[in-house]
Amino acid sequence: MPSLAHDIATRLASIRERIARAAERSGRAADQVRLIAVSKTFPPDAVRAAYEAGQMDFGENKVQEGLQKIEQTRDLPLTWHLIGHLQSNKAKKAATTFPVIHAVDSPELLRLLDRAAAAAGAKPRLLVQVDLAGETTKHGARPDEVRAIFDEAAGCTAVTLEGLMLLPPFAENPEDVRPWFRQLRELAATLVADGVPATMVRELSMGMSHDFEVAIEEGATMVRVGTAIFGER
Ligand SMILES: *Cc1c(COP(=O)(O)O)cnc(C)c1O
């Protein structure tokens, strides 16, 4: 086996093992946490190697790079997730290409995605990106803006809202990120208490290479892992 494929397979096995143990600590089965392999900056061969090792879900943070890789791996039955910020001028492309989009941060973007998806007969699943820390450098809806996005979903015919996504402030120690993960879970619970259907917040996309175990302990249902699978970018 070429060494790239071997390394990726070995790392994937170890991450799956760690996911299973963290899921267990949170009282869940391993299959209740979906691993999204973030392949940004890595070539299609890396995606193929991960697929050969059983990986089905992949994430890209840029529409253009994602479109290219989707095209280059069209022969594989992969599920592609758009995990980065989405500009409205790329909403149409994204809505018709990515089956899962973790980047909705305004009612306007939701409406754009729904219109584009409806016109193309696509049915993307969407997550609302939340900016809990109020970081000006990051995208995402403020917690007080989130409810309006869920209200807007009532008028959507093609897309479905399925949860929340978080890109928290970086901290060296994953324990320092735990409160943000907990806050996202609490925000989902608050939305349900306020009448948002539980199915619309059932997914919590949070946790990356250095903190996915803590995120799972706090309820993550999707973790987005790049470096720990593919290596340093
Ligand atoms: C790059 C990226 C990841 C993966 O980060 P790693 O630290 O490499 O695991 C996760 N989420 C988003 C939004 C990203 O842009």
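Any read-out appearing in this document is the output of simple, stated calculations on the displayed coordinates, not a laboratory observation. Since the model is a prediction, treat every value here as computed from it, not as a measurement. Positions of Cβ are backbone-derived with ideal geometry, glycine not excepted, and every protein chain shown enters the neighbour counts.
Sorting check: for 208-220, 23-35, which peptide has the highest mean count of neighbouring beta carbons within 10 Å, and how do the rest follow? Walk me through the intermediate numbers first.
Details: 208-220: 22.5, 23-35: 14.9.
My ranking of the peptides, most packed first, is 208-220, 23-35.
Distance cut-off 18 Å, Cα to Cα: go down the list Lys40/Lys62; Lys93/Lys123; Lys69/Lys123 and report the pairs above it. It would help to have the intermediate numbers written out before the result.
On the way: Lys40/Lys62 8 Å; Lys93/Lys123 13 Å; Lys69/Lys123 20 Å.
Distance filter (> 18 Å) returns Lys69/Lys123.
Here the contact order of the range 1-120, divided by its residue count and restricted to Cα pairs under 8 Å and six or more residues apart, works out to 18 percent.
What ranking of Phe170, Phe181, Phe98 emerges when the number of other C-beta atoms within 10 Å of each C-beta is taken as an exposure proxy, fewest first? Walk me through the numbers before you get to the answer.
Numbers: Phe170 10, Phe181 24, Phe98 27.
Arranged by neighbour count, lowest to highest, Phe170, Phe181, Phe98 become Phe170, Phe181, Phe98.
Want the number for His6 to Asp194: 0.36 nm per residue separation, take away the alpha-carbon distance, what's left? Write down the numbers at each step before the final one.
Working: separation 188, 0.36 × 188 = 67.68 nm, distance 4.84 nm.
Here the segment from His6 to Asp194 would lengthen by 62.8 nm.
Between Asp31 and Arg182, the modelled labels are 3.2 nm apart [label points 7 Å from Cα along Cα→Cβ]. Dividing the summed helix terms, -39500 (n - 2.57) for each DSSP H run of n ≥ 4, by the number of residues in the chain produces a 222 nm estimate of -13000 deg cm²/dmol to the nearest 500.
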